[in-house]
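What follows is one structure encoded as structure tokens, with my remarks underneath.
Each value in this text was obtained by applying a stated rule to the coordinates, not by laboratory testing. It should be emphasised that the depicted structure is a prediction, and the values quoted were computed from it without experimental measurement. Neighbour counts are summed over all protein chains in view; Cβ atoms, including those assigned to glycine, are modelled from backbone coordinates with ideal geometry.
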Amino acid sequence: MILFLIFHGFDPNNGISKKITYQVNALKACGMETHLCYIDEEGTKKRIVDGTVIADYGNGAMSKILKRTGFSSITRYAIDNGIKFVYIRSNHNANPFTIRMVKQMKKAGMKVVLEIPTYPYDSEYEAQGMSRQIFQDKLFRNQLAKHLDAIVTFSDYDIIFGQKTIRISNGIDFDTIQQKKGVNDTTHELHLIGVAEIHRWHGFDRIIKGLAKYYSTNPEYKVFFHVVGYFFSPVEEKEISSIIQQQHLEEYVITHGKRHGQELDAIFEKCDFGIGSLGRHRVGIDKIKTLKNREYAARGIPFIYSETDSDFDNKPYVLKAPADESSIDINKIVSFYRSLSISPQEIRDSISNLSWKHQMKQVIDTIYPTPASQRPIKLAYCIPSLNHSGGMERVLTTKANYLAERLGYDVNIIITDNKDTQPFFPLSPKVNVVQLEVNIDNLWEYPIWKRFFIYRQKMRIYKQRMERCLKLMRPDITISMLRREINFLPDLQDGSIKMGEIHFGRYKYRETNFNFLPSFANQLISRLWMLQLTNKLKRLQQFVVLTYEDAKAWKELDNITVIPNPITIETNQQSDCSSHSVVAVGRYTYQKGFDLLIKAWEIVHQKHPDWILDIYGGGDNAAYQQLADQAGLHDTVKCNPLADDISTKYVESSIFVLSSRFEGFGLVIAEAMLCGIPPVSFACPCGPRDIIHDGEDGILCENGNISELANGICCLIEDEKKRKEMGAIAAKNIQRYRLDNIMQQWDHLFQGMVSQDRNTNKEE
């Protein structure tokens, strides 16, 4: 049983009370018998649990004192009724009496947590004239915190007052918030809405000042601002009203007062864009999860705010404003709104994980964790960022989505860079992304003589934050993608199994090529750097490579497992291999060898001028197209940007060519074979030898041999029957790389590692 304890009154129509009701109902929905304890000041001051009076403090001065100090009735109720878990909503009232109450509850065997929604809060409450209360709170809050099991917070802080936190979000009760039914005609006008008990930190004045600047230009397009709610004090009301009057904005700023129910729904139907908090910096807060943001998203409208809210910072329907005193650029809001192509339903669906039931379950699961043998395996992947279009990011995103959605894993991805960017590839909402904000990639912005020192400093920060993150997250397995964290990950004592996976072959990996150093010095650095890496890899429980060819190259290691990359495209289409078209796919880099391919195509073109070569890839294609043009291949070689639907390009072709000097795996070969076209490939290290059965489902050529590559292409051009037969066999053989098959291998590996680890710990 749970006792939900608040130190103030409870009014079902009050905003805070509504939130508490949602939390209590969410706990009940999680299967927990929950009782609400609050103060009733109608008549005498009474402490009530679910309508039953457990203490009557009477009236007068003594009642005011007892209300704040007389907590024995709460403790007695909890003990007498078998309460096992006490959830206290902080009223910033740490004092000897609350400390005594918590100590008694703990002595009786209860779990006790304290919810501090907003942190830090000192400046905010001092601004409300509560300096005396905050002074007292400062004296005792650390002592109170040490007796708790945890502090529940909506902030992003891992530790508050020396106590670990359970970080949840300000939740949403979807049943009580009506989604906007449709999208208004905004051809000629846009309606903004701000809903709040209006304080200075809401920053609505920034919007009104922005409107003043906007209308000073006499625009034809009209923008209206609907302010819904009452002002906290006459000070805020006077400030807002004076700006409206001075700037003659009465027509464009409409104050509705407090509205709820159908009246509020009607105003939202008229409005298009929400105004969140724009002045939290005024009270020293930069990280907060406000209810307004969640209500706007639940309504299905885009919105603007200036603080940091990790649930929304990367959402496409959110416009971030600077946290300063500048007026808000109304033209920017209008342009942003016009650029959106997202429906109210899509916005609402994007926050399904923010239901109060989901949030409160996180608290329960933390306080009463599921036995290790019954809970899902928790993974923590480490990668710099997810906003790049590289193969490593694509494969990781695909695997993470599958593990979370299909196999029920608890998947977390820890990143260090590019905080305000979205993942390039779609990521399941069930996958949790943790941003450490180390920003190592900006190292290249500094002069070369500074980089070494800054790098060492950032790596110290990275290690500290990673260790803290893992201790709080408590994953079963931490997986390095063999980026910077591999330098310290085996040293961390957080209890997780450590493993690595590499998306490159050993060939050319950690090879240095400093132009200012002689070749022998580069070779020496490369050897020492690789030695340092292998010493770290030896300490991992598992090291996963992509090919058997590459596995043989790591002779020093005995912890290697081979799991290839899965095919990440889905298609039911097959090429008939009849078109006079050859295709190549990859980034326009030296590694991919498109310069070699163009030279080979010169030979092919002489024999088969009616065939064309299409290259698709990211990066700068201009140099390669110029190379083809200079060779007189302007009409038969096209260097195209990367296609959105590459599988269609495969199906439209008859032969695939891989001309890479080296590879980590060569996933594009498998993709092409899935579409029923035979590959012709250099037998470069590493990958093609694992994927292609030479002469059966493709052709392997000596690495770097341009004539042999040209002959392999010509062989398939000249023998249509062989080309089609080889394409059909390729489509059949490549099924071993389908996503389901590869993920079975990962599941088997993870299950085996965790099972062994849990059995070992049980024995100990």
Helix 356-367 axis, angle to the chain major axis (alpha carbon atoms, nearest 10°):
90 degrees
Can you pull out the GluC sites (Glu not before Pro) in the stretch 178-241 whose DSSP state is coil and whose Cβ has at most 13 other Cβ atoms within 10 Å?
E220
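Of the peptides 442-453, 380-391, how do they stack up when ordered by the mean number of other Cβ atoms within 10 Å, highest first?
Values: 442-453: 10.2, 380-391: 19.8.
Result, highest mean Cβ count within 10 Å first: 380-391, 442-453.
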Measuring from label point to label point, each 7 Å out along Cα→Cβ, what is the Q246 to Y446 span in nm?
4.5 nm
Taking amide H positions as placed 1.01 Å from N in the peptide plane, with prolines and chain starts having none, which residues 5 or more places from G664, or on another chain, fall under 5 Å of its amide H?
G505, C686
Taking the Cα-to-Cβ direction at I16 and at E720 and moving 7 Å from each Cα, how far apart do the two end points lie in nm?
8.1 nm
Over the chain: helical MRE at 222 nm, DSSP H runs n ≥ 4 each giving -39500 (n - 2.57), nearest 500:
-12000 deg cm²/dmol
Charge dipole magnitude, Cβ of K and R +1, D and E -1 - the stretch 375-562, Cα centre, debye nearest 20:
420 debye
Cβ-derived FRET efficiency at R0 22 Å, Q136 paired with Y157, nearest 0.05
0.50
The set of residues whose placed amide H lies less than 5 Å from the amide H of Y57, leaving out same-chain residues fewer than 5 positions away, is K45, K46, R47
Within a Cβ distance under 14 Å of D205, other residues only, what is the Lys/Arg minus Asp/Glu net charge?
+2
Here the stretch 35-52 yields Karplus 3J(HN,Hα) values (6.51, -1.76, 1.60; θ = phi - 60°; whole Hz; Gly and Pro given as x) of 10, 9, 10, 8, 9, 10, 10, 7, x, 7, 7, 10, 9, 10, 10, 6, x, 9
Output the 0 to 90 degree angle, nearest 10, between the alpha-carbon long axis of helix 706-718 and the longest principal axis computed from the alpha carbons of the chain.
90 degrees
How far apart, in nanometres, would the label points at E237 and S123 be if each is projected 7 angstrom from Cα along the Cα-to-Cβ direction?
2.7 nm
What are the extents of the Cα atoms of the stretch 581-737 along their three principal axes, listed from largest to smallest and rounded to whole Å?
40, 30, 29
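Between the DSSP loop rule and a limit of at most 15 other Cβ atoms within 10 Å, which GluC sites (Glu not before Pro) in the stretch 270-341 are left?
E325
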What dipole magnitude, in Debye to the nearest 20, does the stretch 176-350 give about its Cα centre under +1 on Lys/Arg Cβ and -1 on Asp/Glu Cβ?
220 debye
Along the charge dipole of the chain, Cβ charges K/R +1 and D/E -1, which of F452, F303, I615 sits furthest on the positive end?
F452
Summing +1 per Lys or Arg and -1 per Asp or Glu among the other residues with Cβ less than 13 Å from P685's Cβ gives -1
Dipole size in debye (nearest 20) for the chain around its Cα centre, Lys and Arg Cβ +1, Asp and Glu Cβ -1?
3260 debye
State the dimensionless ratio Rg/Rh of the chain (Rg: radius of gyration of Cα atoms; Rh: Kirkwood radius).
1.04
From the phi angles alone, apply the Karplus equation (6.51, -1.76, 1.60; θ = phi - 60°) to the stretch 253-263 and give each ³J(HN,Hα) in whole Hz, x where the residue is Gly or Pro.
10, 10, 9, 9, x, 6, 9, 8, x, 5, 4
Taking the dipole of the stretch 581-737 about the Cα centre (Lys, Arg +1; Asp, Glu -1; charges at Cβ), the one of V657, I677, I691 that reaches farthest to the positive side is I691
Among 462-475, 398-411, 667-680, how do they line up by average Cβ neighbours within 10 Å per residue, starting with the highest?
667-680, 398-411, 462-475
Can you give the local net charge around Q493? Use residues other than it whose beta-carbon is closer than 14 angstrom to its beta-carbon, Lys and Arg +1, Asp and Glu -1.
+3
Restricting things to alpha carbons, tell me how big the stretch 2-167 is in terms of Rg and Dmax, in Å.
15.4, 42
For the stretch 659-764, just the Cα atoms, rotate onto the principal axes and tell me the three extents in Å, largest first.
66, 27, 17
